[in-house]
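The values are calculated or read from the model by the stated rules, or taken from the named source; none is laboratory data. For clarity, every value in this text was computed on a predicted model and none was experimentally measured. All Cβ positions, even for glycine, are placed from backbone atoms using ideal geometry, and neighbour counts span all protein chains on display. Please note that ligands, DNA and RNA were not included when accessible areas were found on the heavy atoms of the full protein model with its side chains. Shrake-Rupley method; radii C 1.70, N 1.55, O 1.52, S 1.80 Å.
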Amino acid sequence: MKYSGSTLAPLLLLALSSFAPAQEGARDNSPPGLAQGIMAGEVTATTAILQSRLTSTAGNVNEKWSGIPGRRGFAQFEYGASPNFQGSLRTGWLEAHPGRDYIVKATVSGLLPATRYYYRLHYGPDKTKTLVSQTATFRTLAGRSAATYSFAVVTGMNYSFFHHQGGPIYPAYRGPDKHLGYPGLASIRKLKPDFFVGTGDNVYYDHPALGRAETLHQMRMKHQEQYSQPRFIELFREVATYWEKDDHDYRFNDSDPVNPFPVPGGVSRETAYPESGSQPSHELGVYVFREQLPVTDPLDKDAVTYRTHRVSRDLQVWFVEGRDYRSPNDMPDGPGKSIWGERQKAWLKQTLMESDAAFKILISPTPMVGPDSGNKRDSHVNLRGFRHEGDEFFRWLAANGFDKKSFYIVCGDRHWQYHAVHPSGIEEFSVGALVAANVFAGVKPGTKNSTDPKGLIKHLHFNETPTAGFLIFTVKPGPPPAAVFDFHDKWGKLLYSVTRQATR
């Protein structure tokens with residue numbers, strides 16, 4: 001199944017007509033709030049997407065399906081290279097209304113490369129009565145100029161496990177700072193990376209602290225509860241973001257565009273899900289991701305969610321889309337089965353060949369090396385999954401001269417940290433779950449009933465004690481240019497570090 005940006009308008013009509021309406025606060029002239037703060041996303045050398053949401057309250061979600069009511073109003077972003085906003089520019093006025101979940105979003109352009117910018121939001125019930133948000137900041141990419149940049153990369157931000165039910169190894173968080181959100185976010189903030197990357201599983205539509213999200217309103221609520229946590233707001237005031245989606249923030253665990261929500265053993269589908277077993281739909285999963293996060297230009301109907309950015313002379317990164325174009329997971333593996341789809345796959349190969357960056361880093365929502373459990377079929381690693389496409393891609397890399405000194409994979413999805421080496425020599429860094437309650441024990445090379453029972457994969461790092469945390473990778477100009485990969489636990493402690501030097 002294929003999805004393109006040109007279908008956004010029909011999806012919007014479908015979403016607004018077929019699902020629960022957005023929640024709205026009282027209609028009056030009192031000032032709206034910014035319960036989810038402000039954020040910047042998809043920064044390039046000359047552009048950025050700025051986003052916020054006008055709300056009726058300043059607190060986070062505390063009641064089943066209550067959400068954070070949105071608030072009608074108007075807003076405009078002010079931005080510039082001066083922290084005092086001298087000589088600043090402003091976007092046009094943006095209207096916050098229920099059709100877009102009261103989200104205001106604008107792409108700003110004409111920015112200078114490798115420059116720190118400051119921005120804030122002017123907002124109110126109308127254009128004459130406005131408040132001003134706190135100042136936020138981001139740094140633009142350097143393009144082809146030499147510069148040092150660092151990225152914090154995360155996955156597995158499971159709100160339900162952290163706040164309510166706990167996970168397979170660790171209980172729900174019990175610290176007195178629980179109301180602030182995930183400690184890992186505070187640790188990332190202290191390390192001052194340039195960017196934050198959510199590789200997918202950024203929210204969990206299918207985890208039941210507030211019920212499984214099936215409607216537009218319920219899916220929006222999952223984003224509201226997540227990004228209203230104070231530590232998200234604080235972090236996103238200081239770093240720009242890049243986003244991918246995976247199964248849990250698309251439809252549900254191991255979801256594809258066509259198959260319904262799985263039925264528990266021994267229960268008929270009619271009994272388990274008499275009306276909503278296929279919800280949320282593929283179309284709704286695609287739409288809400290674009291609506292809720294600053295990923296695509298809101299004025300570009302044809303924008304796709306796979307993209308590449310030249311960060312600096314020495315670094316180029318790729319973000320791939322793993323859900324929109326995938327074949328059904330239960331389709332027999334072979335040449336016709338794909339996660340990426342033919343168009344995205346051709347784009348990926350072409351742009352990799354065109355790049356002369358010293359370090360080329362593919363950031364994937366799902367693993368490509370692993371190993372992983374032998375009973376899954378969701379990724380390029382899995383034997384009953386998309387292994388044919390994964391193997392073909394590694395053969396292509398080898399045939400075209402990509403090696404461990406130039407090309408690396410950083411992946412989300414897996415709930416444990418590892419540094420793996422594919423038999424071809426390509427290295428993969430799995431960032432592990434940010435939330436301790438969402439950590440799993442992990443799978444080692446050579447494990448029986450795994451995807452690598454013969455131990456062909458080599459692990460250079462594996463957490464023997466299951467640990468929550470994140471990855472920060474930094475590329476420095478040198479000479480020679482160097483890439484540093486640092487695994488941290490949720491408290492910021494450095495667990496493992498490796499440096500790779502470029503050949504040029």
Q | Amide hydrogen neighbours beyond the local backbone of residue 245, cut-off 5 Å, H modeled | A | 322
Q: First measure r as the distance between the Cβ atoms of residue 396 and residue 128, then evaluate 1/(1 + (r/R0)^6) with R0 = 45 Å and state the FRET efficiency to the nearest 0.05.
A: 0.15
Q. How much mean residue ellipticity at 222 nm does the chain get from its helices, if each DSSP H run of length 4 or more adds -39500 (n - 2.57) and you divide by all residues, to the nearest 500 deg cm²/dmol?
A. -4500 deg cm²/dmol
Q.
Using Cα-Cα distances under 8 Å and only pairs 6 or more residues apart, what relative contact order does segment 364-504 have, in percent?
A. 20 percent
Q: DSSP loop (so not H, G, I, E, B), at most 13 other Cβ within 10 Å: list which trypsin sites (Lys or Arg not before Pro) in segment 171-265 pass both filters.
A: 174
Q. Using a probe of 1.4 angstrom, how much of the accessible area of segment 396-504 is carbon and sulfur, in percent?
A. 54 percent
Q) What length, rounded to one decimal in nm, is gained on full extension from residue 192 through to residue 238, with 0.36 nm per residue of separation minus their alpha-carbon distance? A) 15.7 nm
Q | Sequence-distant lysines (8 or more away, or on other chains) whose Cα lies within less than 18 Å of residue 458 | A | 404, 405, 444, 448
Q | Estimated inter-spin distance, residue 137 and residue 299, nm [label 7 Å along Cα→Cβ] | A | 2.8 nm
Q | Residue-normalised accessible area of the chain, expressed per residue, 1.4 Å probe, Å² | A | 37 Å²
